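J.: Sharing a structure, written as structure tokens. Questions coming.
The values are calculated or read from the model by the stated rules, or taken from the named source; none is laboratory data. Fair warning: this is a prediction, and the values are worked out from it, not measured in the lab. For neighbour counting, all protein chains shown are included, and Cβ atoms are generated from backbone atoms with ideal geometry for every residue, glycine included. Each accessible area value is taken on the protein alone, full model and side chains, heavy atoms only, with ligands, DNA and RNA left out. Shrake-Rupley method; radii C 1.70, N 1.55, O 1.52, S 1.80 Å.
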Amino acid sequence: MAGFLDRAREQAQRGLVQGKQKLDEVQTQRAGSDLLKKLGAAYYAERHGSGSPDATQRALQALETHIATHGDGVLRH
């Protein structure tokens, strides 16, 4: 019986680790999508006179930093 419980505990722990990894991936993807949207909004505002090139540059830099850290998966929709 102890062997069965040990295997069940190991499987549960693996499931928790896999679930946490998936959650982290989803949160990273969501953060990247948000940065991409902010870049689009900054660019739109700049092109229509209510934004600034500096705001667009900051948004671009934030997105590039995210991509350098986490990869460019956010760009593949």
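J.: So which residues in the range 1-41 are among the aliphatic types (A, V, I, L, M) and closer than 30 Å to THR56 by Cβ?
T.: Residues of the range 1-41 among the aliphatic types (A, V, I, L, M): 1-2, 5, 8, 12, 16-17, 23, 26, 31, 35-36, 39, 41.
Hits for the range 1-41 are VAL26, ALA31, LEU35, LEU36, LEU39, ALA41.
J.: Here's a check for you: in the range 42-61, which residue that is of a type outside the set (Phe, Trp, Tyr), out of contact with any helix residue (DSSP H, G or I) (no Cβ under 8 Å at 6 or more places or on another chain) and part of a helix (DSSP H, G or I) is nearest to VAL74 (Cα to Cα)? Steps first, please.
T.: Initially, the range 42-61 is screened for residues of a type outside the set (Phe, Trp, Tyr), giving 42, 45-61.
Remaining after also requiring out of contact with any helix residue (DSSP H, G or I) (no Cβ under 8 Å at 6 or more places or on another chain): 47-50, 54, 57, 61.
Right, trim to part of a helix (DSSP H, G or I) and you get 47, 54, 57, 61.
On the way: ARG47: 24, ASP54: 23, GLN57: 18, GLN61: 15 Å.
The residue in question is GLN61.
J.: May I ask you to list pairs of residues, at least six apart or on different chains, whose Cβ atoms are under 6 Å apart, with the first in the range 16-35 being part of a helix (DSSP H, G or I) and the second being open to solvent by less than 70 Å² (accessible area, probe 1.4 Å)?
T.: Taking only residues 6 or more apart or on different chains, the pairs are GLY32/HIS66; GLY32/VAL74; SER33/VAL74; LEU35/ALA62; LEU35/LEU63; LEU35/HIS66.
J.: Further, regarding this structure: Which one is surrounded by the most Cβ atoms within 10 Å (Cβ to Cβ) among residues in the range 40-76 that are under 21 Å from GLU25 (Cα atoms) and touching a residue at least 12 places away in the same chain (Cβ under 8 Å)?
T.: This residue is LEU63.
J.: On to the next question. Give the residues of the range 47-77 that are at pLDDT 95 or above and of a type in the set (Lys, Arg), sorted by residue number.
T.: Within the range 47-77, ARG47, ARG58 meet the criteria.
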